[in-house]
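First comes the structure, then the notes that go with it.
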Amino acid sequence: MKRNIYLRTIPIAEALSRVKAVLDRKALLGVERIGSDRAAGRITAEPVIARYSSPTFHSAAMDGIAVRAADTFMAREGSPVRLTPEKDFVFVNTGHPLPSAFDAVVMIENVVMDGEYASIEAPVSPFTHVRRIGEDIVATEMVLPRHRRISPYDIGALLSCGAFEIPVYERVRMRVIPTGDEVLDFTARPVPGPGQVVESNSMLLAALADEWDMTCLRVPPVPDDPQALADALEEGLDSDAHIVVMVAGSSAGSKDFTKATIAKFGEVLVHGVAAMPGKPSLLGVARGKLVVGAPGYPVSSVVCFERLLYPLACWLTRSEPKTRQTIAATLARSVPSRIGMTDFLRLSIGQVGSSYVALPLSRGAGSISSMTKAQAVAQLPPEAEGLESGAVVTAELLVDAGDLARTLVCVGSHDNTLDILADMLMRRDPAMRLASSHVGSMGGLIALKNGSAMLAGSHLFDPDTRDFNFPFLAKYLPGLDVLVVNLAIREQGLIVAPGNPKGITGVADLAREGVRYINRQRGAGTRILFDHHLTEAGLTPDRISGYEREEHTHMAVAVNVKTGSADCGLGVYAAARALGLDFVPLARERYDLVIPEALRDDPKIEAVIDVIAGESFKEQVQALGGYGTAWSGRVMRPGMGLPEA
């Protein structure tokens with residue numbers, strides 16, 4: 001079957017310019033008059049002129065007495081001027097019209113009453129404490145210029161000067177068409193089978209549109225049928241939508257029909273931008289409307305929206321795109337990049353000392369969880385070949401900057417109990433967020449050494465001393481004073497399919513023909529443990545089929561076994577239990593949190609220690625299965641090894 005071909009990916013800026021050169025925004029986006037009381041967020045299409053002055057009369061700016069300034073000129077301390085009511089003064093309150101016979105106000109604090117007479121000891125000049133006619137706004141002057149986004153503060157000014165209705169550009173109306181034979185309509189609450197996914201991109205994009213003050217209509221998914229897709233697009237072009245978005249089908253596969261569908265009704269201006277994720281994005285114009293082909297992978301789709309569709313929607317309404325706050329953040333680990341592509345890197349960020357540390361999240365275009373976990377996004381320029389650990393990046397914040405001060409940066413080994421810890425920290429007042437990066441125990445120690453983490457999860461076993469973590473701390477963190485607190489004692493073993501169809505009883509069985517293993521990444525404590533047991537069994541890595549295949553979490557290892565892509569992997573019992581898999585016990589080990597002593601008094605660290613020493617945490621950990629909590633929250637010392645089983 002014929003496939004699409006990317007002739008040339010182009011920079012995002014060039015893609016936007018191509019559309020702007022062809023699309024007639026004046027013809028596409030109309031102007032409407034709306035009440036000023038509901039105009040916040042809208043864009044003025046013409047200058048707004050004041051009908052009335054504000055204030056429309058001279059008014060008192062203070063509580064006091066209205067006087068003729070000339071009558072006060074002789075007042076001196078010790079030689080007051082005595083004023084007669086009605087003839088020489090009248091009482092006024094703030095905002096009251098100034099009686100026509102008077103031209104100044106004396107504050108009530110400076111008035112001494114003698115019966116009905118008023119005495120003052122200081123003169124006032126004309127229009128003292130008086131708001132003059134038009135002091136704020138003068139009738140016929142411009143209150144707001146054209147192409148101004150109306151703020152809540154502007155509403156008061158518009159109403160006070162009589163601009164009760166104003167001309168604004170229409171809200172951008174968008175129509176989203178999800179496509180694909182494999183997608184299931186979420187409105188039916190479906191249960192996906194093999195090869196099926198619940199369609200979610202359309203509502204993700206609709207929520208973004210709402211955030212951008214656009215309106216969005218989502219239609220039910222359309223199958224990968226050229227005629228059905230053409231009918232859906234034509235219906236969108238005939239609707240009142242200014243922008244029609246087709247989700248998925250924009251790549252280069254044999255069933256990617258979006259490009260051909262757009263070409264049937266108009267012109268494809270862009271097919272492929274120099275961005276990762278987001279490369280397959282399509283931009284076209286049909287019947288005077290903007291048509292967007294958004295990639296099917298969620299992160300790619302969001303990049304398409306944020307970097308292409310949103311700037312074009314702002315251009316239609318003659319407004320400037322909203323900008324995000326930026327900070328300088330230090331990468332906790334190295335990241336690769338592709339030459340010639342702008343790489344959008346999602347980050348989890350926390351504050352360590354006086355600096356911000358960024359943990360790169362999953363790079364997959366389909367990794368929707370990376371968007372949930374991200375607190376910022378950084379752009380790696382096209383000329384970059386990647387960035388090393390310790391590099392400083394400019395990060396666009398996706399959250400309020402105050403959230404970062406309440407974020408704990410945890411780098412190191414993965415463990416399921418970290419999710420319990422994260423949840424319990426969020427229950428506290430104030431809530432604290434745990435941002436964790438699973439780079440293995442050794443990676444965590446290196447992060448502590450580099451000052452790019454507040455704590456590290458570690459379960460490194462030393463066969464010579466039969467102790468955990470401390471031999472490695474002495475070797476890799478000499479001179480760094482640390483606090484080691486036990487999180488839990490856990491059971492590691494071989495995760496196998498239900499019923500253990502391969503009959504695996506120990507590490508030696510992994511060398512048998514037909515047994516496929518899934519390993520953990522280099523530097524992971526679980527991998528070090530596995531290598532130790534290989535040595536004890538007299539085996540070398542080359543004897544293990546799949547030794548080179550790596551995953552970064554216990555749950556990922558379990559998923560490989562669950563789906564049949566591996567027969568076995570080393571992991572914690574809780575991961576096997578969670579997915580209904582069988583488990584062959586191999587070893588008990590101590591999982592500790594390593595914390596720089598300099599941070600011991602940090603409120604976030606105090607909260608961590610308080611949580612893991614609590615009974616509620618211990619109960620939830622024990623409920624996972626395969627964990628012991630006898631030492632949870634206890635400060636560890638060298639040579640302690642393990643508690644008795």
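In µm²/s, what is D for region 75-153 at 20 °C and 1.002 mPa s, where D = kT/(6 pi eta Rh) by Stokes-Einstein and Rh is the Kirkwood radius from Cα pairs?
So the translational diffusion coefficient is about 139 µm²/s.
Between the alpha-carbon centers of region 189-217 and region 60-89, tell me the distance in whole angstrom.
Measuring centre to centre over Cα atoms gives 70 Å.
For LYS502, LYS322, write out the residues from largest to smallest accessible area, computed with a 1.4 angstrom probe and no ligands counted.
LYS322, LYS502
Output the pairs from LYS264/LYS322; LYS20/LYS279; LYS279/LYS562; LYS279/LYS322; LYS279/LYS373; LYS373/LYS475 with a Cα-Cα distance over 26 Å in this structure; if there are none, say none.
Violating the 26 Å limit, Cα to Cα: LYS264/LYS322; LYS279/LYS562; LYS373/LYS475.
Take region 306-381, drop everything but the C-alpha atoms, weight them equally and run the Debye formula without solvent; then report log10 I(q)/I(0) at 0.14 Å⁻¹ to two decimals.
Values returned for q = 0.14 Å⁻¹ are -0.57.
Within 11 Å, Cβ to Cβ, of GLU551, how many net charges do the neighbouring residues add up to if Lys/Arg are +1 and Asp/Glu are -1?
Residues close to GLU551 contribute a combined charge of +2.
Quick one: helix 226-238 against the long Cα principal axis of the chain, what's the angle to the nearest 10°, folded into 0 to 90?
10 degrees
Accessible area per residue of region 207-309 at 1.4 Å probe, in Å²?
32 Å²
Using 5 Å bins from zero, what percent of all Cα-Cα pairs in region 114-245 falls into each bin?
2, 8, 12, 11, 10, 8, 7, 7, 7, 6, 5, 4, 3, 3, 3, 2, 2, 1, 1
Just report the Cα centroid separation between region 445-477 and region 128-164, whole Å.
Going from one Cα centre to the other spans 64 Å.
With contacts defined as alpha carbon pairs under 8 Å and 6 or more residues apart, what's the relative contact order of the chain in percent?
11 percent
Calculate how large, on average over all directions, the projected area of the Cα convex hull of region 350-442 is; give the answer in nm² to one decimal.
7.2 nm²
Starting from one equal scatterer on each C-alpha and no solvent at all, send me the Debye-based log10 I(q)/I(0) for region 278-327 at q = 0.14, 0.15, 0.28 Å⁻¹, two decimals.
Once normalised to I(0) and log-transformed, intensities are -0.40, -0.46, -1.05.
At 1.4 Å probe size, with no ligands or nucleic acids counted, give the accessible surface of TYR52 in Å², nearest ten.
90 Å²
Would you tally the net charge around SER565, using a Cβ to Cβ cut-off of less than 11 Å, leaving SER565 out, and scoring K and R as +1, D and E as -1?
Result for the local shell: +1.
If I take R0 = 41 Å and measure r between the Cβ atoms of GLU32 and GLU267 in this structure, what FRET efficiency does the formula 1/(1 + (r/R0)^6) give, to the nearest 0.05?
0.90
Under a Cβ-Cβ cut-off of 14 Å, what is the net charge of the residues other than ASP88 that fall near it, where Lys and Arg count +1 and Asp and Glu count -1?
So the environment of ASP88 carries a net charge of -2.
With 16 Å as the cut-off, how large is the P(r) tail for region 512-604, expressed as percent of Cα-Cα pairs?
60 percent
So how much accessible area does VAL222 have, in Å² to the nearest 10, using a 1.4 Å probe?
20 Å²
So for LYS279, LYS289, what's the accessible-area order with a 1.4 Å probe, most first?
LYS279, LYS289
Compute the normalised compactness of the chain: alpha-carbon radius of gyration over 2.2 N^0.38 Å, N being the residue count.
1.33
Would you mind telling me the antiparallel percentage of the DSSP bridges in the chain, rounded to 5?
Here the share of antiparallel DSSP bridges comes out near 70 percent.
Once you compute Rg and the Kirkwood Rh from C-alpha atoms, what is the Rg to Rh ratio for region 440-538?
1.04
The values are calculated or read from the model by the stated rules, or taken from the named source; none is laboratory data. Everything numeric in this text was worked out from a predicted model, so none of it was measured. FYI the Cβ positions are ideal-geometry reconstructions off the backbone, even for glycines, and counts take in every protein chain you see. SASA here: full protein model, heavy atoms, side chains in, ligands and nucleic acids out. Shrake-Rupley method; radii C 1.70, N 1.55, O 1.52, S 1.80 Å.
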